[in-house]
Structures are given as C-alpha cells and as structure tokens.
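What follows draws every value from the coordinates through simple rules; no lab data is involved. Predicted model, so just to flag it, every value in this text is computed and none were measured. Every residue, glycine as well, gets a Cβ built from its backbone with ideal geometry; the counts of neighbours run over all protein chains shown.
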Amino acid sequence: MTVCRVIALVRTDYFYLFIFTVISIQVQREQPFFERYENGWPIRSMMQTYLSNSKQAAKKRRAALAQSDDQEEIDEGEGVG
C-alpha cells in the first residue's frame, strides 16, 4: 500500500470521526437526555447501525436491479429468431 493511500485512509477516518462528533454534539444540545452518556456513545451507535442498514439495503436494491436487467436481456433474446 502506498503512503498516499495510507494518508487518505487516515484522513477519511478522521473525517468520519469529526462528522460523528459534530452530529453527537448537536443531538446532545437538542436532547439533553444523551448528555448522560460518555462521548455520546448511544448516538454514535445508532448512526452506525443506521448507516450499516442503509448500505445493506442499497446493495440489495442494486442486486435486484441488476437481476431484473439480466432477465430483460434474456427475455429480449428469446423473442428474436
């Protein structure tokens, strides 16, 4: 792995940490209940779960779309001849 790639990965990790922190602070301001928890860990956990589920759902949609496109190509091929 090149040095530039490693630096890019580190920067990305810090970027996401920064985003999580900013969102966590904003949520704690709006919902004081979350101030009870160190570093707003429930907020981070909920965001990670949501993003993970969203990613899995997007993969399923892409797979279903690709499968339907493949089926359309097969159907079109059967009509020729």
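Need one number: nm distance between label points at GLN26 and ASN39, each 7 Å from Cα along Cα→Cβ, rounded to one decimal.
2.1 nm
Starting from the 7 Å offset along Cα-to-Cβ, what nm value, one decimal, do you get for the label separation of ALA64 and TYR50?
The two pseudo-label positions are separated by 2.2 nm.
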